[in-house]
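A short write-up of the structure that comes next.
The values are calculated or read from the model by the stated rules, or taken from the named source; none is laboratory data. Predicted, not measured: the structure shown is a model, and the values here were computed from it. When we count neighbours, we look across all protein chains shown, and the Cβ atoms used for this are built from the backbone with ideal geometry, even at glycine. Surface areas here come from the heavy atoms of the whole protein model, side chains and all, with no ligands, DNA or RNA. Shrake-Rupley method; radii C 1.70, N 1.55, O 1.52, S 1.80 Å.
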Amino acid sequence: MSAATVHPTSPPVRPSGATTAQGSHPRRVGDALRAVKVFLGAAFDVILLGEYGPK
């Protein structure tokens, strides 16, 4: 049981300065490299260290 009280609120409003710059390109190469890094790190853990799933 929780003693927390939840009050309904309106959705948060985005600040006007938090938008992306016009004409910016998506960073697909950086995102792809990050995905490869994560995949290889997971493969290393499973293959060489024998780790799989949470313990």
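So is V38 modelled with pLDDT of 75 or more, under 16 Å from the mean Cα position of the chain (by Cα) and in a helix (DSSP H, G or I) or not? Please lay out each step first, then the result.
On the way: modelled with pLDDT of 75 or more: yes; under 16 Å from the mean Cα position of the chain (by Cα): yes; in a helix (DSSP H, G or I): yes.
Criteria met by V38.
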Under 9 Å by Cβ, and 6 or more places apart or on different chains, what pairs join a residue from segment 29-53 that is touching a residue at least 24 places away in the same chain (Cβ under 8 Å) and open to solvent by less than 100 Å² (accessible area, probe 1.4 Å) with one that is aliphatic (A, V, I, L, M) and not in a loop (DSSP other than H, G, I, E, B)?
-> none
